[in-house]
Amino acid sequence: MTTAAPATTAPPATGPCSGSGAIPAGATNLHAIHGDIDGDLHNDTVTSYTLGGVPHIHAALHIGQNSDVAIPLGFADTVSISFEDFDHSAGAAVPPPVAVLAIGAGNAGSAHLAFLTLTTHYCIKQWTLNGTNFEIRISQQGPYTGLLCDGAAGHVFYSVVTAEQQPRGNWLIKQSVITHNFTKVTLTPQAPQTVPDSPDIAHQYGDIVNCDHAPVLS
């Protein structure tokens, strides 16, 4: 897996980040979580909030640097946030920094997900794929789409997975492994598989499965 954690040497307290100050006055729906997003082994504070009807995520690092990004996802004016140990490596001498997972509500039977980490300038940013914001729509509306985590050799692999029913009733499963270099994403398609019909297909391939965050549609 291609991963590149920010260096553990603290940068200056100011930098080329948007929203370099505190959370703006007038912000609502504030929710803060605490974890190491810059790899310096100190907890940082990540806060989701709403301003002017738009969801935002604000990062306040232990070293004193702040950054902020608007992140409209789905149809709601708020997003929920949690941490994912995306670059998990069992036995690593220095644990890699965690990624932020943001979830926005979709229409019935769906939700919208995005990952955020720090740029090389220690600014919080949504991941991008080919220059556009990388977003995953998980859906149990068919064809099913989900976020699937699978561990192997001390690592955790995150994949976008889809399941589409075939004329004979079985399901074609397509999976692409997600890797990132700071905030830039690469998707690596895996060999398609066919699985028999089952009442569990929607839960296996149309939700968050085996990741740090619990399923959101089940």
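3J(HN,Hα) along the stretch 172-185, derived from phi through the Karplus expression 6.51 cos²θ - 1.76 cosθ + 1.60 where θ = phi - 60°, amounts to 8, 9, 10, 9, 10, 6, 9, 10, 8, 10, 6, 10, 9, 9 Hz, with x in place of Gly and Pro. The GNM of the chain, with springs linking C-alpha atoms under 10 angstrom apart, assigns the highest mean-square fluctuation among A22, A191, A105 to A191. Phi angles of the stretch 139-148 translate, via the Karplus equation with coefficients 6.51, -1.76, 1.60 and θ = phi - 60°, into HN-Hα couplings of 8, 10, 8, x, x, 6, 9, x, 10, 10 Hz per residue; Gly and Pro are given as x. FRET efficiency for the pair N29 and I63, taken as 1/(1 + (r/R0)^6) with r the Cβ-Cβ distance and R0 = 25 Å, rounds to 0.40.
Length gain on complete extension for the stretch T120 to Q165, per 0.36 nm per residue less the alpha carbon to alpha carbon distance?
Gain in length upon complete extension: 12.0 nm.
For the pair Q141 and F75 in one chain, pulling the backbone fully straight at 0.36 nm per residue adds 22.1 nm over the alpha carbon distance. Computed from backbone phi, the HN-Hα couplings of the stretch 44-61 come to 10, 10, 10, 10, 9, 7, 10, 9, x, x, 10, x, 10, 10, 10, 10, 10, 7 Hz, rounded to whole numbers (Karplus: 6.51 cos²θ - 1.76 cosθ + 1.60, θ = phi - 60°; Gly and Pro given as x). Between A90 and A214, the modelled labels are 2.5 nm apart [label points 7 Å from Cα along Cα→Cβ]. The slack in the chain from L129 to H203, taken as 0.36 nm per residue of separation less the alpha-carbon distance, amounts to 24.0 nm. Annotation: amide H-H contacts under 5 Å for A76 (H modelled 1.01 Å from N, sequence separation of 5 or more, or interchain): A105.
Each reported figure results from applying straightforward, stated rules to the coordinates on display, with no laboratory input. These numbers come from a predicted model, not from an experiment. Note: ideal-geometry Cβ built from the backbone for every residue, glycine included; neighbour counts use all protein chains shown.
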